[in-house]
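**Student:** Below you'll find the structure I mean.
Please treat every number below as a calculation from the coordinates, not as lab data. Keep in mind the model is a prediction, meaning the values are calculated, not measured. Neighbour counts run over all protein chains shown; Cβ positions are idealised from the backbone, glycine included.
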Amino acid sequence: MSIIRYNLEHVYNTQLPKSLNNFFNYLETIKGKSKNTVEGYKIDLTMFFKFIKLYRGLVPKECDFHNIKISDVDTELIKSIDLNDLFAFISFTENYRDNGSYARARKVASLKSFFRYLYGKAKIISENPASELESPQINKRNPIYLSLDESKSLLKAIESTDCRFKERDYCMITLFLNCGMRLSELCGIDISKIKDDTLTVVGKGNKERTIYLNKACLKSLNNYLTVRKYEYDKIKDKDALFISKNYTRINKRSVELILKKHLKAAGLDTKKYTPHKLRHTAATLMYKYGNVDIRSLQKILGHENVSTTQIYTHVDDEKLREAVKSNPLSDES
């Protein structure tokens, strides 16, 4: 009975309106969105409907925003929402919730996706109020990454430690720095998915992609597996590549703490660099030193759109400088 109740609560949250429950189920089951992505939509749209109730005077102005209930939001209220309501909400998130352009852009994306679903799939509304909603201008930022020397220093710090899990930690960081995988992908690696010099990981949207392992990856992997086999009987998830001190599959938080420890040992900034920054590092080093074109890099990183990958073209400034210098007219006065 408890399992059935859990499953029902997973697909129908009584604290949310029916339209939101249906939308989130659609995102997970039909669109294949990850739980983290769906949770992001849930946060944004829950805030939106709380705002609408406050904005429309459906709750007292002095009420606690956090405690506003939205389970009673019905079809009539949804149908009455127009573009001006959406503008008012985005303004509210900027002026009263201190949301920057990135956070507001995510909320715009959540609203557009939700109302597109209501209009095109659920057929609840006859007009889509979010179709003309524009995303705020976002200033592009260069990715933060370790230099080649800093990357070598990090690996050297792990190599010289007397940590019990040295081989595991070295292998994890080597894969990060060489393959550019996501944190969730690294934690989810199964031994059965490693074939010769290839590794299959599950990325965003439950999409599989193949990662190619270079000599450094294969060497660190072999060293780690040699050590891992001595504790095989204690391991609870036999197929999980990276194992925690409790002999279960390692989780994301543990990897973050492990990286922080080794960054500190290497004399590197523990606040500036995260597992995701190591992904940036791999991409930057491949693009800068490996003569990898942007389309190939897109495939390596598992980006759906090449525009996401183009943030790494900033590293080519030196090449551009050299190209200008190589112009045959460069020495003409």
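**Student:** Taking 21 Å as the cut-off for C-alpha to C-alpha distance, list the pairs among LYS215/LYS264; LYS31/LYS204; LYS195/LYS215; LYS277/LYS299; LYS204/LYS261; LYS42/LYS121 that go past it.
**Tutor:** Distance filter (> 21 Å) returns LYS215/LYS264; LYS204/LYS261.
**Student:** Taking 41 Å as R0, compute the FRET efficiency from the Cβ-Cβ separation of TYR55 and HIS276 and round it to 0.05.
**Tutor:** Once the sixth-power term is evaluated, E becomes 0.70.
**Student:** Here is a further query. Candidates (1) 5, 20, 25, 22, 18, 9, 2, 0, 0; (2) 5, 23, 27, 23, 16, 6, 0; (3) 5, 24, 34, 26, 9, 2, 1, 0; which is the computed P(r) over Cα pairs in 10 Å bins from 0, in percent?
**Tutor:** (1)
**Student:** While we're on this one: What Kirkwood radius, in Å to one decimal, follows from the Cα pairs of region 57-206?
**Tutor:** 20.5
**Student:** Using only DSSP helix segments of four residues or longer, with each worth -39500 (n - 2.57), what per-residue ellipticity at 222 nm results for the chain after dividing by its residue count and rounding to 500?
**Tutor:** Computed mean residue ellipticity for the chain: -16500 deg cm²/dmol.
**Student:** Oh, and also: What would the Debye formula give as log10 I(q)/I(0) at q = 0.11 Å⁻¹ for the alpha-carbon point model of region 148-316, no solvent?
**Tutor:** Debye intensities relative to I(0), on a log10 scale: -0.44.
**Student:** Hey, could you grab the Kirkwood Rh for region 72-124? Inverse mean 1/r over distinct alpha carbon pairs, Å, one decimal.
**Tutor:** 12.1
**Student:** Shifting gears a bit: What does the charge dipole of the chain about its Cα centre add up to, to the nearest 20 debye, if the Cβ of each Lys and Arg holds +1 and the Cβ of each Asp and Glu holds -1?
**Tutor:** Values: 57 positive and 41 negative charges, 195 e Å.
My answer is approximately 940 debye.
**Student:** What stretch of the chain, leaving out the sites themselves, is the longest with no GluC sites (Glu not before Pro) in a DSSP loop having at most 16 other Cβ atoms within 10 Å?
**Tutor:** Value returned for the longest uninterrupted segment is 135-303.
**Student:** Calculate the spin-label point distance for ASP269 paired with SER131, positioning each point 7 Å from the Cα along the beta-carbon direction, and give it in nanometres.
**Tutor:** About 4.6 nm separates the two model spin labels.
**Student:** Another question about this same structure. So if each residue of separation counts as 0.36 nm, and I subtract the Cα-Cα distance between THR75 and ILE294, what length gain in nm does that give? Each step should come with its number before you reach the end.
**Tutor:** On the way: separation 219, 0.36 × 219 = 78.84 nm, distance 4.56 nm.
Additional length available on full extension: 74.3 nm.
**Student:** Roughly how far apart, in whole Å, are the Cα centres of region 38-80 and region 205-226?
**Tutor:** 46
**Student:** Out of region 164-255, which chymotrypsin sites (Phe, Trp or Tyr not before Pro) are coil in DSSP terms and have no more than 14 other C-beta atoms within 10 Å?
**Tutor:** TYR247
**Student:** Can you return the aspartates and glutamates within cross-link range of LYS79? Criterion is Cα-Cα under 16 Å, with same-chain partners fewer than 8 residues away left out.
**Tutor:** Output for LYS79: GLU127.
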